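The values are calculated or read from the model by the stated rules, or taken from the named source; none is laboratory data. Given the structure is predicted, the values throughout are model-derived calculations rather than measurements. Methodologically, a virtual Cβ is constructed for each residue, glycine included, from the backbone with ideal geometry; neighbour enumeration extends over all protein chains shown. For accessibility, only protein heavy atoms count, side chains too; no ligands or nucleic acids. Shrake-Rupley method; radii C 1.70, N 1.55, O 1.52, S 1.80 Å.
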Amino acid sequence: MKKAAVHFPTVPTIAFEGPSSTRSLAFRHYNPDEIIDGKTLSQHLRFSIAYWHSFRGVGADPFGPGTIQRPWETGKDAVSIAKTRMDAAFEFFQKIRAPFWCFHDRDIAPEGATLAESNQNLDAVVAHALALQKSTGVKLLWGTANLFSNPRYMCGAATNPDAHVYAYAAAQVKKAMDVTKELGGENYVFWGGREGYETLLNTNLKREQDHLAAFLHMAVDYARSIGFKGQFLIEPKPKEPTKHQYDFDVASGIAFLRTYGLENYFKFNIETNHATLAGHTFQHEIEVAAAQKMLGSIDANSGDLLLGWDTDQFNTDVKELTLAMVSILNAGGLGRGGFNFDAKLRRPSIDPEDLFHAHIGGMDAYALAFKLARRIRADGKFTNFVTDRYASFDAGFGRDIETGKTNFKALEKLVLSKLGEPTPRSGKQEYLENLLNTYLHG
């Protein structure tokens, strides 16, 4: 039997060595086998590797071509190259100890001259992926269709003014859902990268939104027909590549879903960098989704606040991640979602080993944030402060306000006859920020 090629010969399986470790290729905080509340840390965090950035990213940017070349990009044709690339990917998944991966259809298999040829290519590579999943135990967190790269989608897919393009996109999503189900995907994501507009001078906004809703309803119907039980996820983003995208942020996404009767079928895949572009914090977007029980999954990256575009960097900001983790844990976790490293190497980071350094940093930061968030919640100091701050709504006329048992006239009478002028209470923001630092810095 032919021995499988080793694509990362100088890198061993990454071991957990603890906070005192000085080795760069080792985990300091992420011990996937550590048992916490009856589950391993790997089960809590459900890390996933983004195939598109890690194995299709070449370091290109708007000002220059790719800088990254990989030794496994060889073969007699595009499909054989795709299979070798996937061998390298699954070797990486195992060595970095990630339990999940995710993909766009065109990440893993080359697009053909026709849809039928593209589907044939996809089937060949999916069969290879299925065998690799079975041999390694790595699972699929989610799949999706690339409805933004090909020039046919320059004006959108489900919001395209051409019904022919719309139909093509529907066919592509159907196939992507088929293969996601075949690979046991636990979710399916819709990212509307070009579902928006560049100018309203040539756009019928209402008609495009109606078409997008119809597209999503068809996806729901098709999932039911094939027995796909995975969770549908919407990934909001305000702009870039389009001037305005219809799923601007979580709040606008919720409004869209409820307007079109889709709220029972979709949750949100929240990306840190997209939250920044929308003018929000990562934690804000998590809280908005969680408040409506629509928190689904996380794209684990960050942006650069000095740059105005989607830089997709690996997030090592423990403060930001700890605040996010507190909100995620308060919401009861991500369920069948996970933390997908939708992040890419910087343009000068061209060595295969850099893939490991990047993911180790991200996984360690999230693991440390998870542990800090558990301590914060267990101590209860922030929870108790917030509970006390809203205590006036727990009884009496405050409770009547929350339960709809009072009105303007009754409240006016109460203020005039008994309550008088309110006595302001401090929000103690500075105290709370100092308290947070005691967890972050000891």
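Which condition breaks for ASP310 when tested against (1) assigned to a loop (DSSP other than H, G, I, E, B); (2) closer than 17 Å to GLY192 by Cα; (3) modelled with pLDDT of 95 or more; (4) open to solvent by less than 50 Å² (accessible area, probe 1.4 Å)?
Going through (1) assigned to a loop (DSSP other than H, G, I, E, B); (2) closer than 17 Å to GLY192 by Cα; (3) modelled with pLDDT of 95 or more; (4) open to solvent by less than 50 Å² (accessible area, probe 1.4 Å) one by one, ASP310 breaks only (3).
Going by the structure shown, is THR316 touching a helix residue (DSSP H, G or I) at 6+ places or on another chain (Cβ under 9 Å), in a helix (DSSP H, G or I) and within 24 Å of LEU141 (Cα to Cα)?
Judged against the criteria, THR316 is not a match.
Taking interchain pairs and intrachain pairs at least six residues apart, which have beta carbon atoms under 6 angstrom, with the first residue in the range 364-384 and farther than 17 Å from GLY332 by Cα and the second in a helix (DSSP H, G or I) and open to solvent by 10 Å² or more (accessible area, probe 1.4 Å)?
Between residues of the range 364-384 that are farther than 17 Å from GLY332 by Cα and residues that are in a helix (DSSP H, G or I) and open to solvent by 10 Å² or more (accessible area, probe 1.4 Å), the close pairs are ALA365/VAL318; LEU368/VAL318.
Going through TYR265, TYR188, TYR197, TYR246 one at a time, which residue ends up being touching a strand residue (DSSP E or B) at 6+ places or on another chain (Cβ under 7 Å) and within 23 Å of TRP101 (Cβ to Cβ)?
TYR188
Restricting to the range 264-304, name every residue that is of a type in the set (Ser, Thr, Tyr), more than 18 Å from ASN330 (Cβ to Cβ) and outside any helix (DSSP H, G or I).
Correct list: TYR265, SER302.
Would you pick out the residues in the range 296-307 that are touching a helix residue (DSSP H, G or I) at 6+ places or on another chain (Cβ under 9 Å) and open to solvent by less than 20 Å² (accessible area, probe 1.4 Å)?
Across the range 296-307, the qualifying residues are GLY296, ILE298, ASP299, ALA300, ASN301, SER302.
Among the residues of the range 413-441, what is the count of those that are free of Cβ contacts under 8 Å to residues at least 24 places away in the same chain, in a loop (DSSP other than H, G, I, E, B) and either touching a helix residue (DSSP H, G or I) at 6+ places or on another chain (Cβ under 8 Å) or open to solvent by 90 Å² or more (accessible area, probe 1.4 Å) (or both)?
The number of residues fulfilling the criteria is 4.
Please specify each residue of the range 65-78 satisfying the condition of being in contact (Cβ under 8 Å) with a residue 12 or more places away in the chain and over 26 Å from LYS174 (Cα atoms).
Result: THR67, ILE68, GLN69, ARG70, PRO71, TRP72, GLU73.
Is it the case that the range 322-330 has a residue that's touching a His at 6+ places or on another chain (Cβ under 8 Å), crowded, with 17+ Cβ neighbours inside 10 Å and at pLDDT 95 or above?
no
Considering every residue within the range 79-98, establish whether at least one is in contact (Cβ under 8 Å) with a residue 24 or more places away in the chain and either touching a Lys or Arg at 6+ places or on another chain (Cβ under 6 Å) or loosely packed, with under 15 Cβ neighbours inside 10 Å (or both).
Scanning the range 79-98 turns up no residue that is in contact (Cβ under 8 Å) with a residue 24 or more places away in the chain and either touching a Lys or Arg at 6+ places or on another chain (Cβ under 6 Å) or loosely packed, with under 15 Cβ neighbours inside 10 Å (or both).
Checking SER48 against (1) in contact with a Lys or Arg (Cβ under 7 Å, 6 or more places away or on another chain); (2) at pLDDT 95 or above, only one condition comes out false. Which one?
(1)
Quick one: PRO236 ticks every box in (1) under 20 Å from ASP342 (Cβ atoms); (2) open to solvent by 50 Å² or more (accessible area, probe 1.4 Å) except a single one, so which number is it?
Among (1) under 20 Å from ASP342 (Cβ atoms); (2) open to solvent by 50 Å² or more (accessible area, probe 1.4 Å), PRO236 violates only (2).
Conditions tested, residue by residue: (1) assigned to a loop (DSSP other than H, G, I, E, B); (2) open to solvent by less than 40 Å² (accessible area, probe 1.4 Å); (3) charged (D, E, K, R); (4) touching a Gly at 6+ places or on another chain (Cβ under 8 Å).
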residue	(1), (2), (3), (4)
PHE356	no, yes, no, no
GLY361	no, yes, no, no
LEU368	no, no, no, no
ARG374	no, no, yes, no
ALA378	no, no, no, no
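Only one residue in THR40, THR74, THR22, THR67 is under 27 Å from the mean Cα position of the chain (by Cα) and more than 30 Å from LEU233 (Cβ to Cβ). Which one?
Of the residues listed, the single one that is under 27 Å from the mean Cα position of the chain (by Cα) and more than 30 Å from LEU233 (Cβ to Cβ) is THR67.
Of the residues LYS267, LYS293, only one is over 14 Å from the mean Cα position of the chain (by Cα), modelled with pLDDT of 95 or more and open to solvent by 30 Å² or more (accessible area, probe 1.4 Å); which?
Residue meeting the stated conditions: LYS293.
Find the residue count for the range 49-73, including only residues that are open to solvent by less than 10 Å² (accessible area, probe 1.4 Å), of a type outside the set (S, T, N, Q) and either under 17 Å from GLU240 (Cβ atoms) or in contact with a His (Cβ under 9 Å, 6 or more places away or on another chain) (or both).
3
Take the range 171-223 and flag every residue that is open to solvent by 40 Å² or more (accessible area, probe 1.4 Å), charged (D, E, K, R), closer than 18 Å to PHE248 by Cβ and assigned to a helix (DSSP H, G or I).
Scanning the range 171-223 gives LYS206, ASP210.
Could you tell me which numbered condition ALA275 fails, if it satisfies all but one of (1) surrounded by fewer than 23 Cβ atoms within 10 Å (Cβ to Cβ); (2) touching a Phe, Trp or Tyr at 6+ places or on another chain (Cβ under 9 Å)?
So ALA275 meets the others, but not (1).
Are there any pairs with C-beta distances below 7 angstrom linking a residue in the range 390-412 that is within 23 Å of ARG425 (Cβ to Cβ) to a residue that is open to solvent by 100 Å² or more (accessible area, probe 1.4 Å), with the two at least 6 apart or on different chains, and if so which?
Pairs found: PHE393/ARG399; PHE393/GLU402.
Before we move on, is ALA391 modelled with pLDDT of 95 or more and crowded, with 20+ Cβ neighbours inside 10 Å?
Spelling it out, it is not the case that ALA391 is modelled with pLDDT of 95 or more and crowded, with 20+ Cβ neighbours inside 10 Å.
Take the residues in the range 394-412 that are more than 42 Å from the chain's Cα centre (by Cα) and among the charged types (D, E, K, R); name whichever of them is least open to solvent (accessible area, probe 1.4 Å).
GLU412
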